[in-house]
Amino acid sequence: MTDEASRRASLADVAAAAGVSAGTVSRVLSRRGDFSLATRRAVHDAATALGYDRATTNRGRRAHTDPRLIELVLGGLGGPWTHQVILGAHERAFALGYDVVLTKERTDPADDWPARVAARRSSGVVFAIITPTRRQLDRLSDFAVPSVVLDPRSDTEPGVVTVGATNRQGGRDAARHLVAEGYERFVFATTALRYRFGRAREQGFREELARLLPRARVELIDADWVGGVSRAGIRRLVELSVDARLGVFAVNDAVAHTVVSAVLHAGRRVPDEIGVVGFDDDPRPPGGMPLSTIRQPIHDMAALAVELVDRLGRGEPLGNRQVELPTELVARRSTASLGP
């Protein structure tokens, strides 16, 4: 289909392709009404194939004066992850001619920040470290403000544009590395908050271990999100490493550094008896051991999210609404004696 034909796609065209009424298409795309997952997927698939975007139709036409302003809505401020998100988003926005406004998510359910976004007539929204509610997405849709979710914490509805990393593949790479380094028992160090990306990392880790070592078991050790393994967890790590080399894959680098510190304090040797792989490739804390980790391209993910907001605002069809950028294993001293 040519670009000209794509721009002419109408609500009726989408309805015919999806096999539903035009009213159903309108309500699904504006996230109103209670429709089955199959119906929602059919509508979004048809809209994507035809290059139809509600933000470019007459009902959803945006203001003629674009303020060139992108909102970056964050679940929290501070920390290396957030720093890379802000840096990546700002650099790409500047290159595209936008300014960036930081908006922190508030716990007050009465806070109507989508209305403030509309009042500022923002060009688009990038959500980072949060998953917007259906009501928030509905409000943005009403105001014809395009949005992209960066590294969502939970599963999103069909049609929501997301940018993430290959978390599942990262888990596989961690498992393959630990097996190659000669570790025989395995632990996944996670948190009580089972976010979507953490579940994907664990799933990939378990899948690859099952393929390489069918008899291997993976135990779970709980930790706080910002680090902090319980005494019982530390005792279990020590027990598992007494007569076999133990490989630990942590849900993030903060947990991984805490595990390394705890087992060293308990008298175990890293990496000889216990090897640890993290996730993120955050800066090393003062005095911390160089950590093997799965590097995710946080800076590039944020930059891409801004680029997608820009494309949505200009009415460009997106061939893929769930984009994942590749992760990379970085081997260091916490698993490899000869590592840097």
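Coordinate-derived values only; no laboratory data. These figures come from a predicted structure and were not determined experimentally. Glycine gets a Cβ as well: all are built from the backbone with ideal geometry, and neighbour counts include every protein chain shown.
What does the C-alpha gyration tensor say about the overall shape of the stretch 219-331? Classify as rounded when a/c is under 1.5, otherwise prolate if a/b is larger than b/c, or oblate. Prolate, because a/c is 1.5 or more and a/b exceeds b/c. Between helix 196-212 and the chain, what is the angle of the helix's C-alpha long axis to the longest principal axis, kept within 0 to 90° and rounded to the nearest 10? Value to nearest ten degrees: 50.
Can you compute the FRET efficiency between A232 and R116 using 1/(1 + (r/R0)^6), with r the Cβ-Cβ distance and R0 = 30 Å? Round to the nearest 0.05. Taking R0 as 30 Å, the efficiency between A232 and R116 is 0.05. Of E239, E184, E208, the sequence from fewest to most neighbouring Cβ atoms within 10 angstrom is E239, E184, E208. Comparing A175, A128, A115, which has the greatest mean-square fluctuation in the GNM of the chain with Cα pairs linked when under 10 Å apart? Answer for the Gaussian network model of the chain: A115. Tell me, what is the FRET efficiency for V218 and R284 to the nearest 0.05, using R0 = 30 angstrom and their Cβ-Cβ distance as r? For V218 and R284, the calculated efficiency is 0.70. Straightening the chain between T133 and D155 buys 6.8 nm, computed as 0.36 nm per residue apart minus the Cα-Cα spacing. Taken about its Cα centre, the chain carries a charge dipole of roughly 560 debye when the Cβ of each Lys and Arg holds +1 and the Cβ of each Asp and Glu holds -1.
Taking the Cα centre of the stretch 209-268 as reference, the dipole from Cβ charges on Lys and Arg (+1) and Asp and Glu (-1) amounts to some 260 debye.
Assuming R0 = 51 Å, can you tell me the calculated FRET efficiency for the pair R68 and V242, based on Cβ-Cβ distance, to the nearest 0.05? The calculated FRET efficiency here is 0.25. Where only DSSP H runs of four or more residues are counted, the chain gives -12500 deg cm²/dmol as its mean residue ellipticity at 222 nm, each run worth -39500 (n - 2.57). Principal-axis analysis of the Cα atoms of the chain puts helix 253-265 at an angle of about 10° to the longest axis. Going 7 Å from the Cα of A38 in the Cα-to-Cβ direction, what parts of the stretch 120-162 have a backbone nitrogen less than 18 Å from that spot? Backbone N within reach: 158. For the stretch 167-296, the dipole from Cβ point charges (+1 on Lys and Arg, -1 on Asp and Glu) about the Cα centre works out to 340 debye, to the nearest 20.
Available extension along the chain between D300 and R176 is 42.1 nm, counting 0.36 nm per residue and deducting the alpha carbon span. For the chain, the longest principal axis of the alpha carbon atoms and the long axis of helix 231-240 meet at an angle near 60°. Stretching S21 away from E316 to a fully extended chain increases their span by 103.8 nm, per 0.36 nm per residue minus the current alpha-carbon distance. Volume per residue for the chain equals 159 cubic angstrom (convex hull of Cα atoms). Comparing the stretch 176-275 with the 2.2 N^0.38 Å rule of thumb, its C-alpha radius of gyration ratio is 0.99 (two decimals). Each residue of the stretch 157-166 is assigned a 3J(HN,Hα), and the resulting list reads 6, x, x, 6, 7, 10, 10, x, 10, 7 Hz, derived from the Karplus form 6.51 cos²θ - 1.76 cosθ + 1.60 (θ = phi - 60°), x at Gly and Pro.
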